[in-house]
Each structure stands twice: as C-alpha cells, then as structure tokens.
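Read the structure below first, then the notes.
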C-alpha cells in the first residue's frame, strides 16, 4: 500500500513523499470506519499479511518463506547470504559498480575536483569480521531478484492491491483488500499483520504509536532522468553515489544502466535549501542536472522523467508493535533517518529478519505468542541507535557541525549493534547493557551477533564456509569437544537444535587452527547456543548440563 501522490502537470510527474509537518492540512490516507458486513470472508487464510511492496516488505515475504539501490551494508548482505542470494546480488552489483569504490565528493560529476572520499571498503579488513561485502544495487537490479525468490521460498505477492481497512479480532486480524483496478474488495483472516507502509504509515497512526527524534531537517528533491553520460564518466562510473558540492548546487548522483540514466538528489540550489511539493519546473530540474554534472546542453540532452519531493528527517517509534502484538511496523513505518551512511533500508531489512524468525517460530508452534513482544524490545533501541548515528553523520558531513553523539565507525553501525534485552535473557556468566560492540573485539555475550571466522567444510573443501553459514532455521549449539555434555543435552529437548563440534579433527566441519575456540572464548565446560540472530554462552554446572 502506498501513500505517495503523483500529479501530472505540464512536464514530468511531481511526486510528493514528504513527511507532513505538525499542523499540516495535506490529505493523507488514514484507516477509517469500514462496514465490511456484506463482504464474505475468503476461505483462504493467510498466516501473515504484509502491507507494502517496498524493499523491506518484499524481504520479509522472502524471509517468512525461508523460515517455514541503494547501498546494502554488511549485515543486510549476511542476511541475504543466509537465503543464498548474496552471490546473485554480488554479480548484479559488479555489473555496474566497483564493489569497493565507496562514495566520492566532487565539485562536478565530470572533470570536477575530488573533495573527499568516504565509505571506501577495505576487503581485507572486512573479511576479518564478515564473510560478505558491501554492495551497490539499484532498485531495478534488486527487486527482480526478490520477486523471483519470493516464489521460490513459497511467499505470495499481490500487486495492484490496497489494504483499505483492518481490525483486530480475538485470535487474529481481519484485513479488507481492494483491487486498484476493479475496486472490488475481499476480506481475509490473518494471524498477524506487518506494515511496511512507509514514513507516512497509516498503520502507525491507527495504532497510536508515537515517533520521536531530531525531527524534519529539510525537504529535498530527487530528479529521475535519462541522459547518456557514458562518454564523460571515466572512472566515476564505478561509484555507487557521487556527491556534488559547488557554489551553484549541493547534490548527489545515483547512476544506473552504465551511466545512461539514474536520479539526482538536490539538497541546495543557489540560496534555496528547501523544496516545497510542486515547486520545481522541468526547466529548473534540467538546469540542476547541468549545474551538478558540469556538462551543457550542447554536450548532452537530458529527459526529466519525474521529480520527487521527500524529507530529510530523523525519527524512531516508541514501539514497533501494538499492545497485543498482532500488528507490527517495520522499515520507514517504524523509523526514518537521514540518507548519510545508507542505513535506512538496511535497518528495515534487519527489522524484518528479526521479526520473520519469531513469526515463523510462533506460527509452527515452536514458541508461544509471547515471543513476539521481544521484536519491539530488541529492534526499537537498535534502530534508535542507528537513527542517531545517521543523524551524527548528517551533522558532521552536511551541516558541518559537531554532532550531538560521536560518530562511530561504519563497521560498528553495520554489524556491531546488540540486543541487551529481549528474547535472550542474560545469564549469570555476564552480560552487557551496551547497544553496540566492536566487531573486531566481539564480546560473545547474550544478545551479541555470532562472530565470523572461516572454518573447513570437509564435504566441499574448496568452498569457503563461515561460522555464520552454520545458522539456518534452527538454533545451533557449538561445542569444541565431542564429549561435551551439551551435545546430549541439546538432543534431549523438544526444540530442534542443530549440534556441531568444531575442533581440529571434527566432521563435517573442522577448525584446524582452533580459531573458533579462541574467538568464541570457549572453555572445555562451555558451549555456545545460537539463535538465528544472536548467541548466548552456556556453561556446565556440576556434573550435569541442561538446556
């Protein structure tokens, strides 16, 4: 379901996706009272209904199926690696971009002086903490991969459908879906509803969920264009994003099709630092393109397809679910952050990775409904941490002021976030209340990400296998001694736990250099119990081991 409005005036489409200011009278979609008594309930019952076909909504659909561009940061690619999609994504990304090129700030796209470089990836350093790489993928490259995978994993996607009403009942949610073309309505019963309905989320407002933060920091535009820049780009074609800063304009190019099109983000043009909806003409948009590119109309012609108005903002919701944990929000519906650092969509992917696992466990009876309360407990502070880091980067890089909170390294923001509270209950062996840790010195404590190191797969010795690859859909227990009582203890519980011994001679996976034992800080009486996302150290007490 989309709340973006598009108007065809004289020239390109003008698309308004700004966040309304307090007191705004702009019309937006809201769920109203709806008489559905005359609509019969469909026989088909869906376990989960997802509102929204964005990157986050589509990813949730794929993850739910599995368990039962933008810049893609490390944790997102690790999640897609779990789905077996990372190789395809890497191939697509490499067809247009240099995977390690990062972001460059220049005076002009063509021939302009380089002012700064950032977010350049050092493959050797990244490989120490993750099996994955950061990738650049445009929307046209990424979405077809997800659509194809949704069907492969058993998720069903409905396009051209709008959720016009929902209401919670005792054991689920009734959802009214309207066909955009025919206007016919259908009524479904679902166990859970997940809304990835964007920054204007009608679901968030209906549930009375407040969001807080630094607020709306300005209104910018994105100009979608077609122009053949390939003769002029040179090495700048490989960058995922190229920022422009000169006296005429502050902007950023995201190119696709090898440089034959893309979009231009404009944050400042001359004295203009905010753009109200419908305020930019086609001629002005063309001039912004030329001011940023350094080219002239004699060099290249440009066709403006659309002008989108959007808000630079920093918000995080008070809660990511309603009181009974039947309705959930994720992605921009739950949090909005400045684009500095490329963290917004990636945080949404992490939201639904957390939620999909829990929904799957509850729906197939491996956990009770109460587990779902931990989604908000874990993700709300993690997203708040990321919002603040994105805002700190905006303050430092764009506003040129000292940030309210010190800017942490990219690697910490990408894979160093933690869950001090939630589904994992810290044990007496210790814990940490910090929301982040240094991936190069992992804590290996309850709520932390499972550390990465390379191990040997004896069935396929030429394949590189990471400790992260050991985690599929079940809990995993890792011990370093085949006589560990934790192996039998894990086999004795009703919950399915994959048990693994990792030592120099173990099989099917081996750790000849004992990297796992040292990195995980495991003693002989200890093992590591790993959920689909985080791990907890367990220690033998006396002569028994009990999970």
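The values are calculated or read from the model by the stated rules, or taken from the named source; none is laboratory data. These figures come from a predicted structure and were not determined experimentally. Don't worry about glycine lacking a Cβ; one is built from the backbone with ideal geometry, like all the others, and counts go over all protein chains shown.
Checking the conditions here, which among 409, 433, 453, 480 is within 30 Å of residue 84 (Cα to Cα) and exposed (fewer than 15 other Cβ atoms within 10 Å of the Cβ)? Explain how you work it out, then say what you get.
Numbers: 433 fails: within 30 Å of residue 84 (Cα to Cα); 453 fails: exposed (fewer than 15 other Cβ atoms within 10 Å of the Cβ); 480 fails: exposed (fewer than 15 other Cβ atoms within 10 Å of the Cβ).
Sole residue among the options that is within 30 Å of residue 84 (Cα to Cα) and exposed (fewer than 15 other Cβ atoms within 10 Å of the Cβ): 409.
Yes or no: the stretch 49-70 includes at least one residue that is at pLDDT below 80, buried (at least 20 other Cβ atoms within 10 Å of the Cβ) and part of a strand (DSSP E or B). Yes, the conditions are met somewhere in the stretch 49-70. Using the structure shown, decide if residue 387 is modelled with pLDDT of 90 or more, part of a helix (DSSP H, G or I) and more than 20 Å from the chain's Cα centre (by Cα). Spelling it out, it is not the case that residue 387 is modelled with pLDDT of 90 or more, part of a helix (DSSP H, G or I) and more than 20 Å from the chain's Cα centre (by Cα). Scan the stretch 460-492 for residues that are part of a loop (DSSP other than H, G, I, E, B) and over 19 Å from residue 360 (Cα atoms) and the total you get is 10.
For residue 265, the conditions (1) in contact with a helix residue (DSSP H, G or I) (Cβ under 9 Å, 6 or more places away or on another chain); (2) surrounded by 20 or more Cβ atoms within 10 Å (Cβ to Cβ); (3) not assigned by TED's automatic domain parsing to the domain that holds residue 351 all hold with the exception of (1). Annotation note: of 366, 357, the sole residue that is outside any helix (DSSP H, G or I), over 30 Å from residue 104 (Cβ atoms) and assigned by TED's automatic domain parsing to the domain that holds residue 153 is 366.
Restricting the first member to the stretch 370-397 and to residues that are more than 18 Å from residue 318 (Cβ to Cβ), and the second to residues that are part of a helix (DSSP H, G or I), the beta-carbon pairs closer than 7 Å and six or more apart or on different chains are 371/358; 371/361; 371/362; 389/413. Scanning the stretch 456-471 for residues that are buried (at least 18 other Cβ atoms within 10 Å of the Cβ) and out of contact with any strand residue (DSSP E or B) (no Cβ under 7 Å at 6 or more places or on another chain) yields a total of 2. When 423, 373 are checked against the criterion of being under 26 Å from residue 324 (Cα atoms) and outside the structural domain of residue 192 (by TED's automatic domain parsing), 423 stands alone in meeting it.
Condition check for residue 375 on (1) touching a strand residue (DSSP E or B) at 6+ places or on another chain (Cβ under 8 Å); (2) in a helix (DSSP H, G or I); (3) surrounded by fewer than 24 Cβ atoms within 10 Å (Cβ to Cβ): one failure, at (3). When you check residue 221 against the structure, is it assigned by TED's automatic domain parsing to the domain that holds residue 58 and not in a loop (DSSP other than H, G, I, E, B), yes or no? In short, no.
Results for (1) surrounded by 14 or more Cβ atoms within 10 Å (Cβ to Cβ); (2) modelled with pLDDT under 80; (3) not assigned by TED's automatic domain parsing to the domain that holds residue 177, shown as yes or no for each residue.
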{"residue": "1", "(1), (2), (3)": "yes, yes, yes"}
{"residue": "12", "(1), (2), (3)": "yes, no, yes"}
{"residue": "16", "(1), (2), (3)": "yes, no, yes"}
{"residue": "24", "(1), (2), (3)": "no, yes, yes"}
{"residue": "31", "(1), (2), (3)": "yes, no, yes"}
{"residue": "41", "(1), (2), (3)": "no, no, no"}
{"residue": "44", "(1), (2), (3)": "no, no, no"}
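For the stretch 496-514, the count of residues that are at pLDDT 85 or above, assigned to a loop (DSSP other than H, G, I, E, B), in contact with a strand residue (DSSP E or B) (Cβ under 8 Å, 6 or more places away or on another chain) and closer than 25 Å to residue 379 by Cβ is at least one. Residue 325 satisfies every condition listed in (1) at negative phi; (2) surrounded by fewer than 23 Cβ atoms within 10 Å (Cβ to Cβ); (3) not in a helix (DSSP H, G or I) except (1).
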